[in-house]
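Here is the structure we will look at, set down as structure tokens.
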Amino acid sequence: MTTATHPASTACHALHAAVRARDKDAWLALFAVDALVEDPVGPSAFDPEGKGHRGRDAISAFWDKAIAPNESIEFLFEDSFACGNEVAFTGKVRSRNDGQVIDAEGVFVYGVDEDGKILALRAFWETERTMRTMRADHS
């Protein structure tokens with residue numbers, strides 16, 4: 001099975017489309033009931049304890065805190081690797097807000113259940129490195 005037709009890749013692309021469309025309900029519907037979002041993995045401003053956001057209520061709150069405030073988010077992935085029920089992407093997520101643009105470069109891993117629902121979203125990116133990319137948005 002190629003990455004393009006892999007169930008985790010399919011779910012991931014649907015997730016990204018929902019973010020681009022700013023459709024929180026469509027985004028949430030892609031997650032399994034007990035899914036875990038770690039974006040980024042470990043303690044961060046979005047998750048001070050570093051335990052992740054488990055379940056739809058917590059994932060909904062993550063959307064409100066991390067996704068909704070942005071004017072736009074682009075997924076600029078360079079490569080992907082599909083194994084088992086997971087896919088890992090390398091590249092960056094570009095966010096625009098208040099005349100600024102910022103790039104979170106890293107590895108982004110998505111796992112799905114047998115129904116193609118997202119069980120885990122684990123994003124490996126470094127806050128300080130990401131903050132150093134902040135610049136004026138000239139687009």
Just give me the residues in the range 71-103 being part of a loop (DSSP other than H, G, I, E, B) and either exposed (fewer than 13 other Cβ atoms within 10 Å of the Cβ) or in contact with a helix residue (DSSP H, G or I) (Cβ under 9 Å, 6 or more places away or on another chain) (or both), in sequence order.
Gly84, Asn85, Asp98, Gly99
Only one of these is modelled with pLDDT under 95, under 26 Å from Arg132 (Cα atoms) and in contact with a strand residue (DSSP E or B) (Cβ under 9 Å, 6 or more places away or on another chain): Phe108, Phe46, Phe75, Phe89. Name it.
Phe46
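What residue, among those in the range 35-51 that are within 24 Å of Ser9 (Cα to Cα) and in contact (Cβ under 8 Å) with a residue 60 or more places away in the chain, is farthest from the chain's Cα centre (by Cα)?
Result: Ala35.
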Residue in the range 122-133 that is aliphatic (A, V, I, L, M), in a strand (DSSP E or B) and modelled with pLDDT of 95 or more present
yes
What are the pairs, 6+ residues apart or on separate chains, where a residue within the range 1-15 that is more than 10 Å from Phe81 (Cα to Cα) has its Cβ under 6 Å from a residue that is at pLDDT 80 or above and acidic (Asp, Glu)?
Ala8/Glu86
Which of the numbered conditions does Ala58 fail, given that it passes all the others? Conditions: (1) buried (at least 17 other Cβ atoms within 10 Å of the Cβ); (2) over 12 Å from the mean Cα position of the chain (by Cα).
(1)
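The values are calculated or read from the model by the stated rules, or taken from the named source; none is laboratory data. The structure presented is a predicted model; accordingly, all values stated were derived computationally and were not measured. Every residue, glycine as well, gets a Cβ built from its backbone with ideal geometry; the counts of neighbours run over all protein chains shown.
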